[in-house]
Amino acid sequence: MTAAEPLLRLVDVVTWYPGGTGGPPVRAVDGVSLSVHAGEALGLVGESGCGKTTLARTAVRLIDPTSGRIFFKGEDITDLRGRRLVHVRRNLQMVFQDPFASLNPRMTAGEIVAQPLRAHRRYRTSGGPRRIAELFELVGLDPDHARRFPHEFSGGQRQRIGIARALALAPQVIVLDEPVSSLDVSIRAQILNLLADLRDELGVAYLFIAHDLSIVRHLCNRVAVMYLGKIVETGDRDAIYGRATHPYTQSLLSAVPVPDPARQRRRPRIVLSGEAPDAAHPPSGCRFRTRCWKARDVCAEQEPALVDRFGHGHPSACHFAAVAPALSSVVDEGNGGREADG
């Protein structure tokens, strides 16, 4: 792997699920390419049901892709099985959305965090109980609580246990599937700050999945916007928040709250009509056209390519892509720094 080569790279990944009663397949992920480089955080955002979780599970090979290729450190891992896949997973871990459902209720917190070390036969060589205590302290938990069961912890503490488990093998990439969506606002801030600190301290890279652009802003260097199985816009954080060109991205940005009530009232809100189409029956051409105020005949006839039309350094998949001046100051208006601990 060269210095410029990404740690994790997905190329034209497609993941379809069989349709019910012989119907057409559900096109959960339908031709996605993205990459995660060492030490960076890539935010993947979009509405519920757009395919983000399927993409996350496909990236770590919990789900096999229907087609496309997955590379880790330059190695094609798409078809790996057995011991070779286990070896890759030491460096490619995942934190799940539900901090209770993802923890075994019959195991203590210490046993849960130790499980990856035992599965990879590294428990003794890593120091055993000493390593578990280190991981608890790393995520802000009291090592003395390692004998407690998941139900004895709060939601935020359970998510910290999930993060400690993901860190146990010192991975290079962690995929986080909406890790704060089920937590209240103050606890969200704590977990986001913890993840930022861990990235700075350990150099771990993140693929961070969320449906809220305001959350992604505080943690991620780059952002990819997903709609109905497709990436519709991607770029570095400032480009996306300051010069978004895809109508769907602009609608998401318009929903980001602004701390100043006066500015919030002045800033236009883009409210989309209707619901996202069925992934088993996606619209022809541009998949966003059925909810887009810019849609024309060409949008139904031709699928727009994901290209950089303005030289801003971030491509978008829209025939009528354009910067919306009213939304271009969202980064300045919002809290561009890190959230405060609650």
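Neighbour counts of other Cβ atoms within 10 Å put ARG27, ARG296, ARG69 in the fewest-to-most order ARG296, ARG69, ARG27. Near the amide H of MET94, within less than 5 Å, lie the amide hydrogens of VAL175, all on another chain or at least 5 residues away, with H placed in the peptide plane. Listed from fewest to most Cβ neighbours within 10 Å, the set VAL86, VAL175 follows the order VAL86, VAL175. Taking a point 7 angstrom from the Cα of ARG130 along the C-beta vector, which residues in the stretch 150-178 have backbone N less than 18 Å away? Answer for the stretch 150-178: 168-170.
A full extension of the chain between ARG121 and ASP98 corresponds to an added length of 5.6 nm, given 0.36 nm per residue minus the alpha carbon distance. From the coordinates of this entry, Cα extents along the principal axes in Å is computed, and it appears in [x] 62, 46, 40; [y] 59, 42, 38; [z] 64, 50, 45 under the label [z]. Here is how the number arises for the chain: DSSP H runs of 4 or more residues each give -39500 (n - 2.57), the sum is divided by the residue count, and the result at 222 nm is -8000 deg cm²/dmol. Give me the angle, in degrees from 0 to 90, between the Cα long axis of helix 185-202 and the longest principal axis of the Cα atoms of the chain, rounded to the nearest 10. With rounding to tens, the tilt is 70 degrees. Separation of the stretch 41-101 from the stretch 122-184 is 20 Å, based on Cα centroids. The peptide list 126-133, 33-40, put in order of mean Cβ contacts within 10 Å with the highest first, becomes 33-40, 126-133.
Under 12 Å from a label point set 7 Å out along the Cα-to-Cβ vector of PHE149, the amide N atoms of the stretch 99-128 belong to 104-109. DSSP beta bridges confined to the chain are antiparallel in about 55 percent of cases.
Estimated at 0.36 nm per residue, the fully extended path between SER284 and ALA300 surpasses their Cα-Cα distance by 5.2 nm. Helix 155-167 and the longest principal axis of the C-alpha atoms of the chain enclose an angle of approximately 80°.
Full extension of the chain between GLU75 and GLU275 yields a length gain of 68.1 nm, computed as 0.36 nm times the residue separation minus the alpha carbon distance.
For LYS294, a cut-off of 22 angstrom between C-alpha atoms picks up these lysines, skipping any fewer than 8 places away in its own chain: LYS230. In this structure the amide hydrogen of GLY31, modeled in the peptide plane, comes within under 5 Å of the amide hydrogens of VAL13, VAL14, THR15, none closer than 5 places in sequence on its chain.
FYI, it's all coordinate maths here, none of it is from the lab. The structure displayed is predicted, hence computed values, not measured ones. Note that each Cβ is placed from the backbone with ideal geometry, even for glycine, and that neighbours are counted across all protein chains shown.
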